[in-house]
Amino acid sequence: MPDLDATPNPASPVGTAGLDGRDLRIGIDVGGTHTDAVVLDETNTVLAWTKQATTADVTTGLGNAVAAVLEELGPRRDRVGRVMLGTTHATNAILERRALGRVAVVRLGAPATTAVPPLLAWPADLREAVLLDSVIVGGGHLVDGYPIAPLDTDAIAAFLDSVEGRAEAVAVTGVFSPAFREQELEVATMVADRLGADVPVSLSHEIGSLGLVERENAAVLNAALYGVARGVTEALAAVLEGHGLEVTSYFAQNDGTLMAPDYAARYPVLTIGSGPANSLRGAAFLSGVSDAIVVDVGGTSSDLGVLVGGFPRESALAVDIGGVRTNFRMPDILGLAIGGGTRVRGEAGDVTVGPDSVGYALGTEGLSFGGEVATLTDAALVEGRVSIEGTDASRADGVRKLLSDALAQTDESVAEAVDQVSLGRSSQPLVAVGGGSFLVPDDVPGVSTVLRPRYGQVANAVGAAIAMASGRWETIVPAGPARAEALEEAKRIACQRAIQAGAEPSQVDVVELTEVPLSYLPEPAIRVHVKAAGPLGRV
Amino acid sequence: MPLSMADMHAYPRVREINADNLDALARGCAILGTGGGGSVDTGLLTSRSAIEKSGPVPVVTLDELADDAVVVPLSGVGAPTVSLEMLPSEQDVVALAAEIQRIMGRPIDAVMSSEIGGSNGVHPVAWASQLGVPLVDCDGMGRAFPEVQMVSMNVAGLPVNFIVLADVIGNVSVIRPVDGEWSERLARAAAVASGAHSLMADYVLTAAECRGAVIDATVSQAVALGSATVGAGDPLAALVETLDARSLVSGKIIDIERRTGGGFVRGSVVIEGTGADRGRLVRVEIQNENLVVLDEGEVLASVPDLITLVDTASAQAISTESLRYGQRVSVLAWACDPLWRTPRGLEIAGPRAFGYDLDFVPVEEIGSTTIGAPRA
């Protein structure tokens, strides 16, 4: 990979110190192949950065990245006050069915919903790993708030007694709980009374939106991840302690904002998908634009997303995590099998690009690096889009035409993907970040300009370091005169949740408010989604 | 008796729905949904759960049932967003069947789908399983339509004797409407009181009455359509061949307009041709389902013929709610069952029934000179 700017700028201004002089923060992003870290000061100037290999246990790579930037900081390391971590621990735990907690699943809604038992469509091995036992009891509401059945507290008590001592967590999901949440809260109290306050409870209305199966899945995954969340917190604490750092840590979540540790401990599932969100936010910050298309080119693949007002545009579609369908709001990302290590095969006129990549091995297997494999990086070298120290592009002379065809084909794929994510809005800038961003040509149809910000190769870690804290709330409000008051309550709850997540109370604002009218209903009603965000409060 | 599409295409008869062909059924129902009919996801879940619990569901033809066998056409009515939250009960269909038995004086023998297109094509697998009766290889539309009276039994002139509704709470309602329009109005009102969703049986029939009044072999057709694309080198070509469809255009969605009103999603989508279709602009008019395809003012296809937009690469159906800018799609159209092309069929569900001032022309007879070839 080209080393674009390895030395931090020594002339960069140092921000005014915090109250206690701890004005620096470390942003870390653990990705599939690389673990990146940056150090920023109060003026958001990059003081140090690194790109390390992600290790199988994640934590070792994390430690290496922290060690590398602290080394570079030298004596200034004492000024580090905060660490922001975007990590794949939770995703990996789900994909590998590892370290997951056994969950007792309670659904409130009988006699409705009995035709679809909890966790029905989960992959069998994941269900086996997570599901302790489940019950569907009387409770829940119709869409207009009329009760389906009274809350069957006897059945809940009997179920909780039956799992006592075996349940590591409880997940509770009620029909239409995003609009009528009291029953879920009542069950949480029952769990604390019967199983003890140290058995965590995951309430669906705090985690997902309408769509019972997807929301229940998200609540159960969240419950299964409590142990993993504790593990990450401890691992990070151990790494920091090993370096003698006493700092406040935050976790990046899927919308590009941060959670304080006690909040992340309650909603670990929200850490899933933080990578693309961090990269988009970092690209916005580094390039200074808040509305743009972003392409993050890695070694194996590229992610395209869209920035709207500085935040990632979110996907309206259901999201699969480890084979489980959920309805989180995730960044709307279009993936392409194009990266620096992507293999090029065939002959001139009949070229095949990827989808496989040599990944890490580019530095030994790539043609220009002395190896035998033609890759897109070789194509970029031959075409003069990048120069990388220690490479010899003449080794690729024999396949020059093939590589040139491959790059033309890649350019076309990128242009088509850019058009697709633009939704027809042309003449926005395209921000190219990531280690392989040199593959993106300077001239892409449909965009006003291609921006290549400094430190773009670690945009994801920068995104973690600059993120704000946020809170969300989703509910159904009546469309009539009661709407205004219900909207105010929804905004108040979203702001409260942002403060819980670590935002400075005096600077929290509602950054997003969407209202969607529901069709075919007896009384007109509106589904409301509110997001509030603010800068982190003082530590 | 009109020749049915199934006879023309000779789809292999499906003898049961099991864990192996359920997904194909759902994919096929999505294609027959012509953009509407509701998501097949919930029906897939209830049916999978039923099959896991009680085994495969037998599928029978009308000929295999005794003349006096009681066949119950079933569908869900109400708001699609609600059915994703208030999931179905295992008990509603049992309560509904008990009421029909009381009225008919004998147990029911089989269930059928009122509407094979979309969610109502898949759910009946679960309902048949929960009742322990077979599913009949037919339905009341051969596609999806937005209103209760738009069924083949109505086209065939059968009277609506009674409607039975059962909700998730356990309430059962019997309605005796004077005609198909009143059945729509009253059934919807009852469903709204039950939380905007209910299970419904209408046109409860004997097997003898069903013959000629239903669209035959549509369960088999759906499974064949859903299987056609699996493992195919060119899924779109495979689907077009299995459907005997015309590929009206392949291109990119460049504009979508949607309005919600009167309980329907109305609007249109514009597709800009690519490849062999470069330079063409084709518009599809939508009211929940895809209803009319226009190319420079010329009608390429119209309801009740079937019009489905599929992803050009995977040939999977795209519902009208999921359409978005930039998608690479192909517009397929193929002939509806001949029953819908009769004067009464067109009166109930022809272009004018949806407010379009144009005469229905069979898809195989129009625009043949301007139609682009399927993607090679």
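All of the numbers you see were taken from the coordinates with simple rules; none came from a lab. In this text the structure is predicted, and so the values were computed from the model without any measurement. Because the Cβ atoms are built from the backbone with ideal geometry, glycine has one as well, and the counts that use them run over all protein chains shown.
Which lysines does A:Lys531 reach when only Cα atoms under 21 Å apart count, and residues fewer than 8 places away in its own chain are ignored?
Candidates past the 8-residue exclusion: A:Lys491.
If you build the Cα gyration tensor of segment B:221-296 and take the root of 5 times each eigenvalue, what three semi-axes come out, in whole angstrom, biggest first?
25, 19, 10
Using the crude model of +1 on Lys and Arg Cβ and -1 on Asp and Glu Cβ, and no other charge, please compute the dipole size for the protein assembly as shown relative to its Cα centre, in debye to 20.
1080
Roughly how tilted is helix B:41-54, in degrees to the nearest 10 and between 0 and 90, from the longest Cα axis of chain B?
Computed tilt is about 40 degrees.
Shape call for segment B:104-201 from the C-alpha gyration tensor, a ≥ b ≥ c root eigenvalues: rounded (a/c under 1.5), prolate (a/b greater than b/c) or oblate?
Judged from the Cα gyration tensor, segment B:104-201 comes out rounded (a/c under 1.5).
Net charge near B:Val168: determine it from the other residues with C-beta under 15 Å of the C-beta of B:Val168, scoring Lys and Arg +1 and Asp and Glu -1.
-4
Can you give the percent of C-alpha pairs in segment A:356-450 whose distance is more than 23 Å?
29
What 222 nm value per residue comes from the helices of chain A, counting each DSSP H run with n ≥ 4 as -39,500 (n - 2.57) and dividing by all residues, nearest 500 deg cm²/dmol?
Here the helix-only value at 222 nm equals -9500 deg cm²/dmol.
So, counting K/R as plus one and D/E as minus one, what does the shell of residues with Cβ under 12 Å around A:Glu206 add up to?
+3
When a/c is below 1.5 the answer is rounded, else prolate if a/b is larger than b/c, else oblate, so apply that to segment A:100-197 with a ≥ b ≥ c taken from the square roots of the Cα gyration tensor eigenvalues.
oblate
For helix A:153-163, what angle does its Cα long axis make with the longest principal axis of chain A, in degrees from 0 to 90 and rounded to 10?
Helix A:153-163 and the main axis of chain A meet at about 50 degrees.
Output the direction-averaged projected area (hull surface divided by four) of the convex hull of the alpha-carbon atoms of chain B, in nm².
16.9
Could you please report the charge total around A:Val373, scoring K, R as +1 and D, E as -1 over all other residues with beta-carbon less than 13 angstrom from its beta-carbon?
Residues close to A:Val373 contribute a combined charge of -1.
Placing unit charges on C-beta atoms (Lys and Arg positive, Asp and Glu negative, everything else neutral), compute the dipole magnitude of segment A:251-386 about its Cα centre in debye, rounded to 20.
Value, rounded to 20: 420 debye.
If each DSSP helix of 4+ residues adds -39,500 (n - 2.57) and the sum is divided by the residues in chain B, what number results at 222 nm, nearest 500 deg cm²/dmol?
-8000 deg cm²/dmol
What angle do you read, to the nearest 10 degrees and between 0 and 90, between the alpha-carbon axis of helix A:182-195 and the longest principal axis of chain A?
90
Rounded, prolate or oblate: which fits the protein assembly as shown when a ≥ b ≥ c are the square roots of the eigenvalues of the alpha-carbon gyration tensor, with rounded for a/c under 1.5 and prolate only if a/b beats b/c?
oblate
Using +1 on the beta carbon of Lys and Arg, -1 on that of Asp and Glu, and nothing else charged, what's the dipole of segment A:149-250 about the Cα centre, debye to 20?
My answer is approximately 220 debye.
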